[in-house]
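S.K.: Before I ask anything, here is the structure I am working with.
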Amino acid sequence: MPFEEIFTELHEQFQQERQEMALALWKNFLQITMKRILQQRRLSLYNGAHGYEEEVIKKKLQQFSGGSINLSKEDNGMAILTLNNPKLMNAFSGTMMVELQERVTELENWKDGKGLIIHGAGNTFCSGSDLNVVKEISNSQDGMNMCMFMQNTLTRLMRLPLISVALVQGKAFGGGAELTTACDFRLMTPGSEIRFVHKHMGLVPGWGGGARLVRIVGSGAALQLLGAAARVEPERARSLGLSEATLLSSEETRALAEARAWLSQYTEGPAAVIRAVKKVVAAGRELPLEAALRTEKDIFGTVWGGPANLQALVRRPKHK
Ligand SMILES: CCC(=O)SCCNC(=O)CCNC(=O)[C@H](O)C(C)(C)COP(=O)(O)OP(=O)(O)OC[C@H]1O[C@@H](n2cnc3c(N)ncnc32)[C@H](O)[C@@H]1OP(=O)(O)O
(Lines give C-alpha, C1' and ligand atoms only; values in the text may rest on other atoms or scores of the structure.)
Protein backbone atom coordinates (compact mmCIF):
# COMPACT_ATOMS: atom_id res chain seq x y z
CA MET A 1 0.00 0.00 0.00
CA PRO A 2 1.46 3.38 -0.89
CA PHE A 3 2.55 5.54 2.01
CA GLU A 4 -0.09 8.23 1.35
CA GLU A 5 -2.91 5.68 1.59
CA ILE A 6 -1.51 4.25 4.83
CA PHE A 7 -1.20 7.74 6.19
CA THR A 8 -4.81 8.63 5.20
CA GLU A 9 -6.14 5.41 6.70
CA LEU A 10 -4.25 5.95 9.94
CA HIS A 11 -5.39 9.54 10.06
CA GLU A 12 -9.05 8.54 9.58
CA GLN A 13 -8.73 5.83 12.22
CA PHE A 14 -7.19 8.35 14.60
CA GLN A 15 -9.97 10.86 13.89
CA GLN A 16 -12.62 8.20 14.51
CA GLU A 17 -11.02 7.13 17.79
CA ARG A 18 -10.84 10.76 18.87
CA GLN A 19 -14.53 11.25 18.07
CA GLU A 20 -15.43 8.07 19.96
CA MET A 21 -13.40 9.18 22.95
CA ALA A 22 -15.01 12.64 22.90
CA LEU A 23 -18.45 11.02 22.65
CA ALA A 24 -17.68 8.67 25.57
CA LEU A 25 -16.45 11.62 27.67
CA TRP A 26 -19.55 13.63 26.76
CA LYS A 27 -21.82 10.69 27.64
CA ASN A 28 -20.01 10.27 30.95
CA PHE A 29 -20.37 13.98 31.71
CA LEU A 30 -24.10 13.87 30.85
CA GLN A 31 -24.60 10.79 33.03
CA ILE A 32 -22.88 12.40 36.03
CA THR A 33 -24.83 15.66 35.54
CA MET A 34 -28.13 13.79 35.20
CA LYS A 35 -27.34 11.73 38.30
CA ARG A 36 -26.62 14.90 40.28
CA ILE A 37 -29.81 16.60 39.07
CA LEU A 38 -31.87 13.51 39.89
CA GLN A 39 -30.22 13.21 43.30
CA GLN A 40 -30.97 16.85 44.05
CA ARG A 41 -34.58 16.40 42.94
CA ARG A 42 -34.91 13.24 45.06
CA LEU A 43 -33.52 15.00 48.13
CA SER A 44 -35.59 18.16 47.57
CA LEU A 45 -39.23 18.64 48.47
CA TYR A 46 -40.56 20.94 45.78
CA ASN A 47 -40.32 21.08 42.02
CA GLY A 48 -42.33 22.48 39.11
CA ALA A 49 -45.24 20.14 39.93
CA HIS A 50 -45.73 22.14 43.14
CA GLY A 51 -45.80 25.47 41.32
CA TYR A 52 -42.24 26.08 42.45
CA GLU A 53 -40.22 28.30 40.14
CA GLU A 54 -36.63 27.95 41.30
CA GLU A 55 -35.04 30.06 38.60
CA VAL A 56 -37.54 32.89 39.18
CA ILE A 57 -36.82 33.09 42.90
CA LYS A 58 -33.07 32.66 42.43
CA LYS A 59 -33.02 35.59 40.01
CA LYS A 60 -35.01 37.65 42.50
CA LEU A 61 -32.81 36.71 45.47
CA GLN A 62 -29.65 37.55 43.51
CA GLN A 63 -30.83 41.18 43.47
CA PHE A 64 -30.31 41.45 47.24
CA SER A 65 -26.63 41.07 47.89
CA GLY A 66 -24.57 41.21 51.05
CA GLY A 67 -22.54 38.85 53.18
CA SER A 68 -21.50 35.37 52.16
CA ILE A 69 -21.65 31.71 53.13
CA ASN A 70 -18.15 30.31 53.47
CA LEU A 71 -17.24 26.64 53.48
CA SER A 72 -13.97 25.12 54.56
CA LYS A 73 -13.51 21.36 54.10
CA GLU A 74 -10.76 19.80 56.16
CA ASP A 75 -8.66 16.68 55.61
CA ASN A 76 -10.10 15.07 58.75
CA GLY A 77 -13.56 14.97 57.10
CA MET A 78 -14.93 17.91 59.10
CA ALA A 79 -16.32 20.99 57.36
CA ILE A 80 -16.98 24.43 58.81
CA LEU A 81 -19.78 26.47 57.28
CA THR A 82 -19.71 30.15 58.28
CA LEU A 83 -22.68 32.51 57.99
CA ASN A 84 -20.88 35.72 57.26
CA ASN A 85 -22.82 38.97 57.41
CA PRO A 86 -21.77 40.34 60.80
CA LYS A 87 -22.95 43.91 60.14
CA LEU A 88 -26.53 42.58 60.18
CA MET A 89 -25.97 39.94 62.87
CA ASN A 90 -25.52 37.40 60.02
CA ALA A 91 -29.04 37.95 58.66
CA PHE A 92 -29.61 36.10 55.38
CA SER A 93 -29.39 38.36 52.35
CA GLY A 94 -30.80 37.03 49.05
CA THR A 95 -27.36 36.06 47.73
CA MET A 96 -26.61 34.24 50.99
CA MET A 97 -29.72 32.09 50.48
CA VAL A 98 -28.47 31.18 47.00
CA GLU A 99 -24.93 30.59 48.29
CA LEU A 100 -26.23 28.31 51.03
CA GLN A 101 -27.82 26.15 48.35
CA GLU A 102 -24.50 26.05 46.44
CA ARG A 103 -22.54 25.07 49.56
CA VAL A 104 -25.04 22.28 50.31
CA THR A 105 -24.54 20.96 46.76
CA GLU A 106 -20.78 21.05 47.37
CA LEU A 107 -21.22 19.06 50.57
CA GLU A 108 -23.47 16.53 48.82
CA ASN A 109 -20.64 15.89 46.37
CA TRP A 110 -17.93 15.64 49.07
CA LYS A 111 -17.50 11.91 49.41
CA ASP A 112 -14.89 12.08 52.23
CA GLY A 113 -17.04 14.23 54.52
CA LYS A 114 -18.07 13.03 57.98
CA GLY A 115 -19.02 16.08 60.05
CA LEU A 116 -20.23 19.64 59.68
CA ILE A 117 -20.25 22.61 62.05
CA ILE A 118 -22.41 25.62 61.17
CA HIS A 119 -21.62 28.84 62.98
CA GLY A 120 -21.87 32.59 62.52
CA ALA A 121 -19.15 35.18 62.06
CA GLY A 122 -18.58 37.86 64.72
CA ASN A 123 -19.56 35.57 67.59
CA THR A 124 -23.29 35.48 66.86
CA PHE A 125 -25.26 32.83 64.96
CA CYS A 126 -27.90 34.43 62.73
CA SER A 127 -30.76 36.91 63.11
CA GLY A 128 -32.94 35.27 60.42
CA SER A 129 -33.73 36.62 57.02
CA ASP A 130 -32.59 40.14 56.20
CA LEU A 131 -35.66 42.27 56.93
CA ASN A 132 -34.80 44.54 53.99
CA VAL A 133 -35.17 41.52 51.68
CA VAL A 134 -38.34 40.38 53.45
CA LYS A 135 -39.86 43.79 52.72
CA GLU A 136 -38.96 43.61 49.03
CA ILE A 137 -40.43 40.12 48.53
CA SER A 138 -43.45 40.52 50.78
CA ASN A 139 -45.86 39.56 47.96
CA SER A 140 -47.41 36.11 48.03
CA GLN A 141 -45.70 34.59 44.98
CA ASP A 142 -42.16 35.60 45.99
CA GLY A 143 -42.87 34.58 49.58
CA MET A 144 -44.02 31.09 48.59
CA ASN A 145 -41.08 30.63 46.22
CA MET A 146 -38.59 31.79 48.88
CA CYS A 147 -40.23 29.49 51.43
CA MET A 148 -39.96 26.47 49.07
CA PHE A 149 -36.40 27.45 48.10
CA MET A 150 -35.25 27.53 51.73
CA GLN A 151 -37.19 24.37 52.65
CA ASN A 152 -35.52 22.54 49.76
CA THR A 153 -32.07 23.72 50.82
CA LEU A 154 -32.54 23.00 54.53
CA THR A 155 -34.07 19.60 53.82
CA ARG A 156 -31.04 18.70 51.70
CA LEU A 157 -28.80 20.03 54.50
CA MET A 158 -30.61 17.83 57.04
CA ARG A 159 -30.26 14.79 54.75
CA LEU A 160 -26.51 15.19 54.18
CA PRO A 161 -24.62 12.03 55.13
CA LEU A 162 -22.62 14.16 57.58
CA ILE A 163 -23.20 14.52 61.31
CA SER A 164 -24.03 18.18 61.70
CA VAL A 165 -23.90 20.63 64.59
CA ALA A 166 -25.19 24.18 64.88
CA LEU A 167 -22.82 26.09 67.12
CA VAL A 168 -25.08 28.75 68.62
CA GLN A 169 -23.20 31.77 69.92
CA GLY A 170 -25.02 35.07 70.52
CA LYS A 171 -28.43 34.97 68.90
CA ALA A 172 -30.22 32.49 66.65
CA PHE A 173 -33.45 34.30 65.78
CA GLY A 174 -36.26 33.68 63.28
CA GLY A 175 -34.80 31.87 60.26
CA GLY A 176 -31.56 31.50 62.24
CA ALA A 177 -33.43 29.45 64.86
CA GLU A 178 -34.99 27.43 62.03
CA LEU A 179 -31.57 26.73 60.54
CA THR A 180 -30.36 25.24 63.83
CA THR A 181 -33.15 22.64 63.64
CA ALA A 182 -31.86 21.38 60.27
CA CYS A 183 -28.71 20.19 62.06
CA ASP A 184 -28.47 16.91 63.93
CA PHE A 185 -27.26 18.64 67.10
CA ARG A 186 -27.14 22.09 68.64
CA LEU A 187 -24.41 23.29 71.03
CA MET A 188 -24.84 26.62 72.81
CA THR A 189 -22.32 28.98 74.32
CA PRO A 190 -22.98 30.69 77.68
CA GLY A 191 -25.27 33.70 77.25
CA SER A 192 -26.55 32.61 73.83
CA GLU A 193 -30.21 32.26 72.91
CA ILE A 194 -32.42 30.57 70.36
CA ARG A 195 -35.66 32.39 69.70
CA PHE A 196 -38.42 31.74 67.21
CA VAL A 197 -39.46 35.40 66.98
CA HIS A 198 -41.81 34.78 64.05
CA LYS A 199 -45.00 35.50 65.98
CA HIS A 200 -43.76 39.00 66.76
CA MET A 201 -43.18 39.50 63.03
CA GLY A 202 -46.75 38.36 62.26
CA LEU A 203 -45.34 35.10 60.87
CA VAL A 204 -44.87 31.42 61.53
CA PRO A 205 -41.74 29.46 60.61
CA GLY A 206 -41.59 28.81 56.87
CA TRP A 207 -38.14 27.29 56.39
CA GLY A 208 -39.30 23.97 57.88
CA GLY A 209 -38.27 24.97 61.40
CA GLY A 210 -41.76 24.45 62.86
CA ALA A 211 -42.09 20.85 61.69
CA ARG A 212 -38.52 20.01 62.71
CA LEU A 213 -38.92 21.69 66.12
CA VAL A 214 -41.95 19.51 66.90
CA ARG A 215 -39.86 16.42 66.14
CA ILE A 216 -37.00 17.64 68.34
CA VAL A 217 -38.85 18.89 71.46
CA GLY A 218 -42.39 17.52 71.02
CA SER A 219 -45.56 19.39 70.11
CA GLY A 220 -46.27 20.84 73.58
CA ALA A 221 -42.86 22.45 73.98
CA ALA A 222 -42.85 23.59 70.33
CA LEU A 223 -46.19 25.30 70.87
CA GLN A 224 -44.80 27.07 73.93
CA LEU A 225 -41.67 28.24 72.09
CA LEU A 226 -43.51 29.43 68.96
CA GLY A 227 -46.64 30.66 70.74
CA ALA A 228 -44.74 32.92 73.12
CA ALA A 229 -41.77 33.65 70.82
CA ALA A 230 -39.91 32.51 73.91
CA ARG A 231 -36.28 33.20 74.64
CA VAL A 232 -34.52 29.84 75.00
CA GLU A 233 -31.32 30.07 76.98
CA PRO A 234 -28.77 27.25 77.17
CA GLU A 235 -30.17 25.73 80.36
CA ARG A 236 -33.76 25.60 79.09
CA ALA A 237 -32.59 24.35 75.70
CA ARG A 238 -30.75 21.50 77.44
CA SER A 239 -33.77 20.52 79.50
CA LEU A 240 -36.01 20.58 76.39
CA GLY A 241 -33.55 18.45 74.42
CA LEU A 242 -33.08 21.32 71.97
CA SER A 243 -29.39 21.65 72.84
CA GLU A 244 -26.98 18.80 73.45
CA ALA A 245 -24.51 20.69 75.62
CA THR A 246 -23.52 24.12 76.86
CA LEU A 247 -19.95 24.89 75.99
CA LEU A 248 -17.55 26.38 78.52
CA SER A 249 -16.42 29.35 76.47
CA SER A 250 -18.37 32.07 74.71
CA GLU A 251 -15.22 33.31 72.99
CA GLU A 252 -15.45 32.65 69.24
CA THR A 253 -12.24 30.69 68.59
CA ARG A 254 -12.38 28.68 71.80
CA ALA A 255 -16.07 27.84 71.29
CA LEU A 256 -15.31 26.56 67.79
CA ALA A 257 -12.46 24.44 69.16
CA GLU A 258 -14.81 23.00 71.79
CA ALA A 259 -17.44 22.26 69.15
CA ARG A 260 -14.83 20.46 67.00
CA ALA A 261 -13.74 18.35 69.97
CA TRP A 262 -17.36 17.53 70.80
CA LEU A 263 -18.19 16.52 67.24
CA SER A 264 -15.02 14.47 66.80
CA GLN A 265 -16.35 11.84 69.22
CA TYR A 266 -18.85 10.98 66.45
CA THR A 267 -16.68 11.53 63.38
CA GLU A 268 -13.70 9.43 64.43
CA GLY A 269 -13.41 6.43 62.14
CA PRO A 270 -13.82 5.55 58.47
CA ALA A 271 -15.97 7.88 56.39
CA ALA A 272 -17.99 4.99 54.89
CA VAL A 273 -19.13 3.88 58.35
CA ILE A 274 -19.83 7.35 59.79
CA ARG A 275 -21.82 8.28 56.68
CA ALA A 276 -23.75 5.01 56.89
CA VAL A 277 -24.58 5.73 60.56
CA LYS A 278 -26.01 9.12 59.62
CA LYS A 279 -27.98 7.66 56.70
CA VAL A 280 -29.57 4.99 58.93
CA VAL A 281 -30.63 7.63 61.46
CA ALA A 282 -31.89 10.01 58.75
CA ALA A 283 -34.03 7.21 57.29
CA GLY A 284 -35.37 6.27 60.73
CA ARG A 285 -36.13 9.92 61.46
CA GLU A 286 -38.03 10.60 58.26
CA LEU A 287 -39.47 7.43 56.78
CA PRO A 288 -42.37 5.19 57.82
CA LEU A 289 -41.04 2.11 59.65
CA GLU A 290 -41.13 -0.38 56.79
CA ALA A 291 -39.43 1.97 54.35
CA ALA A 292 -36.85 2.86 57.02
CA LEU A 293 -36.14 -0.84 57.62
CA ARG A 294 -35.65 -1.49 53.91
CA THR A 295 -33.36 1.54 53.64
CA GLU A 296 -31.40 0.30 56.66
CA LYS A 297 -30.95 -3.04 54.90
CA ASP A 298 -29.56 -1.30 51.81
CA ILE A 299 -27.19 0.85 53.89
CA PHE A 300 -26.10 -2.24 55.86
CA GLY A 301 -25.17 -3.79 52.51
CA THR A 302 -22.73 -0.96 51.83
CA VAL A 303 -20.64 -1.66 54.97
CA TRP A 304 -21.06 -5.44 55.43
CA GLY A 305 -17.82 -7.10 54.27
CA GLY A 306 -16.35 -3.64 53.62
CA PRO A 307 -12.76 -2.71 54.55
CA ALA A 308 -13.62 -1.48 58.07
CA ASN A 309 -15.73 -4.56 58.76
CA LEU A 310 -13.03 -6.99 57.52
CA GLN A 311 -10.29 -5.20 59.49
CA ALA A 312 -12.41 -5.37 62.65
CA LEU A 313 -12.91 -9.11 62.10
CA VAL A 314 -9.14 -9.55 61.99
CA ARG A 315 -8.58 -7.36 65.09
CA ARG A 316 -11.52 -8.90 66.98
CA PRO A 317 -11.74 -5.94 69.41
CA LYS A 318 -13.18 -6.41 72.88
CA HIS A 319 -15.82 -3.71 73.51
CA LYS A 320 -15.05 -3.16 77.19
C1 LIG B 1 -37.69 33.53 58.23
C2 LIG B 1 -38.34 34.64 58.96
C3 LIG B 1 -37.36 35.59 59.60
O4 LIG B 1 -36.23 35.25 59.82
S5 LIG B 1 -37.94 37.14 59.96
C6 LIG B 1 -36.53 37.91 60.68
C7 LIG B 1 -36.48 37.66 62.13
N8 LIG B 1 -35.44 38.37 62.74
C9 LIG B 1 -35.59 39.55 63.35
O10 LIG B 1 -36.65 40.11 63.38
C11 LIG B 1 -34.36 40.10 64.03
C12 LIG B 1 -34.46 41.57 64.23
N13 LIG B 1 -33.29 42.05 64.92
C14 LIG B 1 -33.21 42.11 66.25
O15 LIG B 1 -34.10 41.74 66.98
C16 LIG B 1 -31.92 42.66 66.80
O17 LIG B 1 -31.22 43.31 65.77
C18 LIG B 1 -31.04 41.56 67.43
C19 LIG B 1 -30.84 40.36 66.49
C20 LIG B 1 -31.65 41.10 68.75
C21 LIG B 1 -29.63 42.12 67.73
O22 LIG B 1 -29.76 43.22 68.57
P23 LIG B 1 -28.48 44.12 68.94
O24 LIG B 1 -27.40 43.21 69.47
O25 LIG B 1 -28.93 45.21 69.81
O26 LIG B 1 -27.97 44.65 67.55
P27 LIG B 1 -28.70 45.67 66.58
O28 LIG B 1 -30.15 45.57 66.71
O29 LIG B 1 -28.10 47.00 66.74
O30 LIG B 1 -28.28 45.02 65.16
C31 LIG B 1 -27.10 45.35 64.46
C32 LIG B 1 -27.50 45.75 63.08
O33 LIG B 1 -28.01 44.56 62.46
C34 LIG B 1 -29.28 44.85 61.89
N35 LIG B 1 -30.09 43.61 61.90
C36 LIG B 1 -30.20 42.72 62.86
N37 LIG B 1 -31.01 41.74 62.48
C38 LIG B 1 -31.43 42.02 61.22
C39 LIG B 1 -32.27 41.38 60.27
N40 LIG B 1 -32.86 40.19 60.53
N41 LIG B 1 -32.44 41.97 59.10
C42 LIG B 1 -31.84 43.14 58.80
N43 LIG B 1 -31.04 43.78 59.66
C44 LIG B 1 -30.83 43.24 60.86
C45 LIG B 1 -29.87 45.93 62.79
O46 LIG B 1 -30.87 46.62 62.12
C47 LIG B 1 -28.61 46.75 63.01
O48 LIG B 1 -28.37 47.51 61.87
P49 LIG B 1 -28.04 49.11 62.02
O50 LIG B 1 -26.78 49.15 62.83
O51 LIG B 1 -29.19 49.70 62.72
O52 LIG B 1 -27.88 49.57 60.61
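The values are calculated or read from the model by the stated rules, or taken from the named source; none is laboratory data. The shown structure was predicted, so the numbers you read here are calculated from the model rather than taken from an experiment. All Cβ positions, even for glycine, are placed from backbone atoms using ideal geometry, and neighbour counts span all protein chains on display. All accessible areas refer to the heavy atoms of the entire protein, side chains included, with ligands and DNA or RNA removed. Shrake-Rupley method; radii C 1.70, N 1.55, O 1.52, S 1.80 Å.
S.K.: In the list Thr246, Thr302, which residue meets the criterion of being under 21 Å from Gly115 (Cα atoms), open to solvent by 70 Å² or more (accessible area, probe 1.4 Å), under 23 Å from the mean Cα position of the chain (by Cα) and polar (S, T, N, Q)?
M.R.: Working: Thr246 fails: open to solvent by 70 Å² or more (accessible area, probe 1.4 Å).
Being under 21 Å from Gly115 (Cα atoms), open to solvent by 70 Å² or more (accessible area, probe 1.4 Å), under 23 Å from the mean Cα position of the chain (by Cα) and polar (S, T, N, Q) holds for just one of Thr246, Thr302, which is Thr302.
S.K.: Tell me, which residue of the range 107-135 that is open to solvent by 30 Å² or more (accessible area, probe 1.4 Å) and within 12 Å of the ligand (Cβ to nearest atom) is farthest from Ile194 (Cα to Cα)?
M.R.: The selected residue is Lys135.
S.K.: So how many residues does the range 174-195 have that are crowded, with 24+ Cβ neighbours inside 10 Å and within 9 Å of the ligand (Cβ to nearest atom)?
M.R.: Total meeting the criteria: 5.
S.K.: Do we find that Ser264 is more than 27 Å from Leu131 (Cα to Cα), of a type in the set (S, T, N, Q), touching a residue at least 60 places away in the same chain (Cβ under 8 Å) and assigned to a helix (DSSP H, G or I) in this structure? Break it down stepwise before answering.
M.R.: On the way: more than 27 Å from Leu131 (Cα to Cα): yes; of a type in the set (S, T, N, Q): yes; touching a residue at least 60 places away in the same chain (Cβ under 8 Å): yes; assigned to a helix (DSSP H, G or I): yes.
Judged against the criteria, Ser264 is a match.
S.K.: For the range 196-205, which positions are surrounded by 19 or more Cβ atoms within 10 Å (Cβ to Cβ) and touching a His at 6+ places or on another chain (Cβ under 8 Å)?
M.R.: Matches in the range 196-205: Pro205 only.
S.K.: Give the number of residues within the range 64-98 that are near the ligand (Cβ under 10 Å from one of its atoms), open to solvent by 20 Å² or more (accessible area, probe 1.4 Å) and touching a residue at least 40 places away in the same chain (Cβ under 8 Å).
M.R.: Selection size over the range 64-98: 3.
S.K.: Does Ala221 meet the test of being of a type outside the set (S, T, N, Q), away from the ligand (no atom under 13 Å from the Cβ), in contact (Cβ under 8 Å) with a residue 12 or more places away in the chain and touching a Cys at 6+ places or on another chain (Cβ under 6 Å)?
M.R.: Details: of a type outside the set (S, T, N, Q): yes; away from the ligand (no atom under 13 Å from the Cβ): yes; in contact (Cβ under 8 Å) with a residue 12 or more places away in the chain: yes; touching a Cys at 6+ places or on another chain (Cβ under 6 Å): no.
So Ala221 fails the test.
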